[in-house]
Amino acid sequence: MKLINKYKSANFGLRKSKSIKFIIIHYTALKNCKEAITYLCDRKNNVSSHFLISQNGEIFSLVNEKKRAWHAGVAFWDGYTDINSLSIGIELDFSNFKTNNKYSNKLIISLKFLLNYLILKYKISTNNVLGHSDVSPLRKI
């Protein structure tokens, strides 16, 4: 798997747990991938993800997997509340209201590839591959 390591987010911290139990999938709701990278890497926004997948299927690694990315916010699942410490966050270059309003085949192929890699690496149950709205139902759709 080829990861693009050209951009790094300053928005991360230490994990409170070494165990990775979840993968949380998000969509950017921004105009394009370039805007999403800028947003996720800007310190003033206090948000990040481990990975961003572009409409072209490029996979950007923005935060080291050993670190706690700031992607889930106030969230809970299966009795856990610090979802950021227990998860890998993946952003998809998508917005309902912009030109990137479809999940392209290349994006989906890369997402499947990345999910398979992470599920095997961290032994994550497929029941714990979740959308942001699953762990933050009162804040996200």
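The values are calculated or read from the model by the stated rules, or taken from the named source; none is laboratory data. This one's a predicted model, so the numbers in the text were calculated from it and none came from an experiment. Backbone-built Cβ (ideal geometry, glycine too); neighbour counts: all protein chains shown. Heavy atoms of the whole protein, side chains included, go into the accessibility calculation; ligands, DNA and RNA do not. Shrake-Rupley method; radii C 1.70, N 1.55, O 1.52, S 1.80 Å.
Enumerate the strands (runs of 3 or more DSSP E) found wholly within the range 48-141, keeping only those where 2 or more residues are in contact with a Pro (Cβ under 9 Å, 6 or more places away or on another chain).
Correct list: empty, since no element meets the threshold.
Report yes if some residue within the range 79-95 is among the hydrophobic types (A, V, I, L, M, F, W, C) and surrounded by fewer than 19 Cβ atoms within 10 Å (Cβ to Cβ); otherwise report no.
no
Take the range 21-47 and flag every residue that is in a helix (DSSP H, G or I) and either free of Cβ contacts under 8 Å to residues at least 60 places away in the same chain or aliphatic (A, V, I, L, M) (or both).
Lys34, Glu35, Ala36, Ile37, Thr38, Tyr39, Leu40, Cys41, Arg43, Lys44, Asn45 - these are the residues of the range 21-47 that are in a helix (DSSP H, G or I) and either free of Cβ contacts under 8 Å to residues at least 60 places away in the same chain or aliphatic (A, V, I, L, M) (or both).
Being at pLDDT below 95, β-branched (Val, Ile, Thr), under 17 Å from Gly131 (Cβ atoms) and open to solvent by 10 Å² or more (accessible area, probe 1.4 Å) narrows it down to one of Val74, Val47, so name that one.
One residue alone meets the criteria, Val74.
Go through Ile25, Ile20 for me and flag whichever is hydrophobic (A, V, I, L, M, F, W, C), open to solvent by less than 70 Å² (accessible area, probe 1.4 Å) and within 13 Å of the chain's Cα centre (by Cα).
Result of the check over Ile25, Ile20: Ile25.
Could you tell me whether Ile37 is open to solvent by less than 30 Å² (accessible area, probe 1.4 Å), farther than 24 Å from Leu120 by Cβ and among the aliphatic types (A, V, I, L, M)?
Taking the combined requirement at face value, the residue satisfies it.
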